[in-house]
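What follows is a short report on a single structure.
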C-alpha cells in the first residue's frame with residue numbers, strides 16, 4: 001500500500017511541475033504585453049518581415065511596427081510575434097525530464113524554427129492582403145493560427161523523439 005501511495009504522490013508532484021512549467025510561460029506572456037521588450041520584439045519582427053519581403057521583390061518599408069507598401073500595410077502587435085508560441089514550446093521543453101544539454105538544444109531549435117515560421121506566416125499574410133484581401137481574415141485568424149499551434153506541438157514531439165532520451169540526472 002505504501003508503494004501505491006508513493007507513486008500517486010510522485011505522479012501528483014509531476015503534474016504540479018508540468019502545470020507550473022507550462023503555466024509560468026503563459027502568465028509571463030500576458031505580463032509582457034505593453035512592455036518595452038514586446039515593443040522591441042514587435043519592431044524586430046516588422047524589420048525581419050520587411051527584409052524578407054524586399055528580398056522577394058516586394059517594395060516595402062517599415063515605420064516602427066508597421067510594414068507597408070503602396071498597396072497594403074499591417075501592424076505587428078504582440079500576438080504577431082513568435083513570443084507566445086516560443087514561450088509555450090520552451091515551457092514544454094523545460095517540463096520534459098531530460099538533460100540540460102537536451103533542453104538547450106530544444107530551446108535553440110525552437111527559436112530558429114518557430115521564429116522562421118512566423119516570418120513565413122507574416123510574409124504570406126502580406127501577399128494575401130495585397131492580392132487576395134478577401135481571404136486575409138481566413139488565413140490570419142484561422143489557418144495560420146492553427147498551423148502555428150500544430151507546428152509547436154510537432155516540433156516538440158520531434159525534439160522529444162530525437163533528444164528527449166537523455167534523462168536528467
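The values are calculated or read from the model by the stated rules, or taken from the named source; none is laboratory data. In this text the structure is predicted, and so the values were computed from the model without any measurement. Cβ: placed from backbone, ideal geometry, glycine included. Neighbour counts: every protein chain shown.
When the residues of region 106-123 are filtered to those that are under 18 Å from residue 49 (Cβ atoms) and exposed (fewer than 15 other Cβ atoms within 10 Å of the Cβ), which remaining residue is nearest to the chain's Cα centre (by Cα)?
Restricting to residues being under 18 Å from residue 49 (Cβ atoms) and exposed (fewer than 15 other Cβ atoms within 10 Å of the Cβ), the top hit is 111.
Any residue at all in region 131-143 that's modelled with pLDDT of 95 or more, touching a strand residue (DSSP E or B) at 6+ places or on another chain (Cβ under 8 Å) and either over 27 Å from residue 156 (Cα atoms) or not in a helix (DSSP H, G or I) (or both)?
There is no residue in region 131-143 that is modelled with pLDDT of 95 or more, touching a strand residue (DSSP E or B) at 6+ places or on another chain (Cβ under 8 Å) and either over 27 Å from residue 156 (Cα atoms) or not in a helix (DSSP H, G or I) (or both).
With respect to residue 161, is the statement that it is buried (at least 19 other Cβ atoms within 10 Å of the Cβ) and more than 23 Å from residue 23 (Cβ to Cβ) true?
no
Please specify each residue of region 29-43 satisfying the condition of being surrounded by 13 or more Cβ atoms within 10 Å (Cβ to Cβ) and either closer than 15 Å to residue 116 by Cα or touching a helix residue (DSSP H, G or I) at 6+ places or on another chain (Cβ under 6 Å) (or both).
29, 32, 38, 41, 42
Residues of region 68-82 being in contact with a helix residue (DSSP H, G or I) (Cβ under 6 Å, 6 or more places away or on another chain) and either within 19 Å of residue 145 (Cβ to Cβ) or in a helix (DSSP H, G or I) (or both), which ones?
76, 78, 81, 82
Give me a count of the residues in region 151-167 that are assigned to a loop (DSSP other than H, G, I, E, B) and at pLDDT 95 or above.
Residues that pass the stated criteria total 0.
Which number in (1) touching a helix residue (DSSP H, G or I) at 6+ places or on another chain (Cβ under 7 Å); (2) part of a helix (DSSP H, G or I); (3) more than 20 Å from residue 23 (Cβ to Cβ) marks the one condition that residue 46 misses?
With respect to (1) touching a helix residue (DSSP H, G or I) at 6+ places or on another chain (Cβ under 7 Å); (2) part of a helix (DSSP H, G or I); (3) more than 20 Å from residue 23 (Cβ to Cβ), residue 46 is out only on (1).
Per-residue answers, yes or no, for (1) out of contact with any strand residue (DSSP E or B) (no Cβ under 9 Å at 6 or more places or on another chain); (2) within 25 Å of residue 142 (Cβ to Cβ); (3) modelled with pLDDT of 90 or more:
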{"residue": "26", "(1), (2), (3)": "yes, yes, no"}
{"residue": "33", "(1), (2), (3)": "yes, yes, no"}
{"residue": "40", "(1), (2), (3)": "yes, no, yes"}
{"residue": "43", "(1), (2), (3)": "no, no, yes"}
{"residue": "76", "(1), (2), (3)": "no, yes, yes"}
{"residue": "84", "(1), (2), (3)": "yes, yes, no"}
{"residue": "89", "(1), (2), (3)": "yes, yes, yes"}
{"residue": "105", "(1), (2), (3)": "yes, no, yes"}
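Condition check ((1) on the phi > 0 side of the Ramachandran plot; (2) in contact with a helix residue (DSSP H, G or I) (Cβ under 7 Å, 6 or more places away or on another chain)) across all residues:
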residue: 64; (1), (2): yes, yes
residue: 88; (1), (2): no, yes
residue: 93; (1), (2): no, yes
residue: 99; (1), (2): no, no
residue: 105; (1), (2): no, yes
residue: 112; (1), (2): no, no
residue: 119; (1), (2): no, yes
residue: 125; (1), (2): no, yes
residue: 161; (1), (2): no, no
